[in-house]
Each structure stands twice: as C-alpha cells, then as structure tokens.
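Report on the following structure.
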Amino acid sequence: MTRDRTGRTGNPRSAQESTPTTVSSRSPALLGAAVVAILGVVVAGFVLLSGGLSADAGPTSAGADDARGAAVVQGIGGQWSEVTVDQLYSMLETEDFALLNVKTPYSGEIEGTDLYIPYDRLTARADELPADRTATIVVYCRTGRQSSIAAQTLLDLGYTDIVNVDGGMTAWTASGRELIQVDRS
C-alpha cells in the first residue's frame, strides 16, 4: 500500500484512476473573459487617446468648404468654419461680422476687433454678443485652441454662423501683420 498526497492509503493504481486529470471547466471561460476584458481596456485607451467616438471628443474636420471657401469643422450639435489669416484679412475689407477676441489673458488683438470676451466667460457674458443668432461671429485667440472651445460654446448658445481663425494671433503675426493693444478693462 502507498499513501497519496492527502495521506490516505490504498492501491496506487486505483488512486491514479480516481484522481481527475482535467482542468476545471470554468478555467477556459475565466481565461476568455480575462482576454476580452484586457482587449476592452486596450481599445478604450486607444479611443480615448485618439479622441475618437466620444461625443465629448471635440471638433473634427468635416472635409468640406463653406461658401467663403473656408474649411468646415464639425462640432457637437453644429459646425463652424475655419479661415486662414489671409482669408480674415480679405474679410476685414468688408467687415460684415462681429470680430471676437477670446484669448485669456488678454495679450493684444487684431485691428478691427469688436469684442473681447475670454473664451471661458462667453456663457456668462452672452448678453454682449449679437442678439441675432444668425449673425456671423469670427472668433480668434492666440493659437486657435481657446477659439475652438469658444466656437463650440457659441454653437451651444444657438449661434449658427461661426468662423474660427486658424492659428489665431500667432499666424496673424507670422504673416507679417501686427497686433494692437487696446485698454479692455
């Protein structure tokens, strides 16, 4: 007689025959669930890092041009146009829009600017914006990031003709044009 791992005695042959040699039937299911969970985390991380799929992911280029020849950007609940500083310069000759500087803190502006409202104060100061929600509003900041946020805020406020200046004041000065300083206090 021999003893098995549990200390029981018996016939070695019968002990081998009665000991199960297969892995639990739940192990493949758990392994599969773990693989799916890990893949889910990897895919979710990729989506978040690439800025895709979420309604909060922000604007994306719609790949079209508007009547001004400006690129169209799809926001949440609407769209706005993106113009270059050269296009803005041409538009300023017949200024039939409100030119809005949203850069915070204030660091100068493009001559002809009608309003200065920091991008993060637009909702609180909406009464200073044009009453006509179909009026054209051209927004800019230093590089375009704050004005993109402002464009989305303007969409949220119900404005339908919004234009963002691509590259903002940085692109404006890089094109050889100057900024002016105005007392906006």
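Within the shell of other residues whose beta carbon sits under 13 angstrom from the beta carbon of Gly167, the net charge comes to +1, with Lys and Arg scored +1 and Asp and Glu -1.
I want the antiparallel fraction of DSSP beta bridges within the range 78-185, as a percent rounded to 5. Can you show the working numbers first?
Working: 1 of 14 bridges.
Just about 5 percent of them are antiparallel.
In the range 73-153, which GluC sites (Glu not before Pro) fall in coil by DSSP and have 16 or fewer other Cβ atoms within 10 Å?
Details: sites: Glu82, Glu93, Glu95, Glu109, Glu111, Glu128; in loops: Glu93, Glu95, Glu111.
Answer by residue number: Glu93, Glu95, Glu111.
Under 1.5 on a/c is rounded, so check that first for the range 60-174, then, if it is not, pick prolate when a/b is larger than b/c and oblate when it is not; a ≥ b ≥ c are the square roots of the alpha carbon gyration tensor eigenvalues.
Values: a/c = 1.28, a/b = 1.01, b/c = 1.27.
Note, shape of the range 60-174 comes out rounded.
No value in this document is a laboratory result; all are computed from the given coordinates. A quick note: this is a predicted structure, and the numbers were derived from the prediction, not measured. Cβ: placed from backbone, ideal geometry, glycine included. Neighbour counts: every protein chain shown.
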